[in-house]
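For reference, the structure discussed in these notes is given below.
Bear in mind these aren't lab numbers, they're just calculated from the coordinates by the rules spelled out. Bear in mind the structure is a predicted one, so any value in this text is a computation, not a measurement. Ideal geometry is used to build each Cβ from the backbone, glycine not excepted, and the neighbour counts take in all protein chains shown.
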Amino acid sequence: MESPASLYDTVGGFDKILQLTRRWHELCLQDPDAAHPFEHPLHPQHDERLAAYLAEALGGPKLYTGGYGDESYVQRIHAGNGVHVDLDEACLRAFDQALADVGIEGEASERFSAYFRRVTEEMRQYGAKDAVVPDGLPLNTAL
């Protein structure tokens, strides 16, 4: 019996996820409620790094932990910026629009969206300026 396809395979693999991250950033920059995190200089390969993280989180190759860092690193990048529910919600709406815009639909879109919402909400636990992110956090997967 064949094993079911991973969410990574179902959404179309790395190239589709990279297309999604690029579209999401475009949409966030167009929305005054979502633009703030994307208006300052980002890492030159931010989209590729995010795509690597999402690819691995969805069951694809270990591109992120194999080359960039672990979950603790990701959480530390985002930690200490306060809890910003309105900003999060604007970014989540843009993410859902980006899913549709790049052609990720149906159950795959619903699962991807639910995963992205969950990890966004979980990042709030490190929002305080004095937040301490523990070492060795496992990658936050959609599995």
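Over all directions, what mean area does the Cα convex hull of the range 91-134 project, stated in square nanometres?
Mean projected area for the range 91-134: 3.7 nm², to one decimal.
Where nothing but the Cβ of Lys and Arg (+1) and of Asp and Glu (-1) is charged, how large is the charge dipole of the range 9-126 around its Cα centre, in debye to the nearest 20? Walk me through the numbers on the way to the answer.
On the way: 11 positive and 21 negative charges, 63 e Å.
That gives a dipole near 300 debye.
What residue among D88, D96, D31 has the largest mean-square fluctuation in a Gaussian network model of the chain, using Cα springs under 10 Å?
Maximum fluctuation in the GNM of the chain, among the listed residues, is at D31.
What ³J(HN,Hα) values, in whole Hz, does the Karplus curve 6.51 cos²θ - 1.76 cosθ + 1.60 give for the range 66-79 when θ = phi - 60°, with x put for Gly and Pro?
x, x, 10, x, 10, 5, 4, 4, 4, 5, 5, 4, 9, 6
Report, in cubic angstrom per residue, the convex hull volume of the C-alpha atoms of the chain.
Details: hull volume 15.9 nm³, N = 143.
Here the figure is 111 Å³ per residue.
Could you give me the ³J(HN,Hα) list for the range 96-101, computed from phi with Karplus coefficients 6.51, -1.76, 1.60 and θ = phi - 60°, whole Hz, x at Gly and Pro?
4, 5, 4, 4, 5, 4
When the Cα centres of the range 1-63 and the range 80-143 are compared, how far apart do they sit, in Å?
Their Cα centres are 11 Å away from one another.
First select every other residue whose beta carbon is under 12 angstrom from the beta carbon of P138; then total the charges, Lys and Arg +1, Asp and Glu -1. Working shown, then result.
Values: positive: none; negative: E56, D70, E71, D135.
Residues near P138 contribute -4 overall.
So what is the 222 nm mean residue ellipticity for the chain from helices alone, if each DSSP H run of at least 4 adds -39500 (n - 2.57) and you divide by all residues, rounding to the nearest 500 deg cm²/dmol? Write out the running numbers ahead of the final one.
Values: 7 runs with 82 residues, N = 143.
So the helix-based figure for the chain works out to -17500 deg cm²/dmol.
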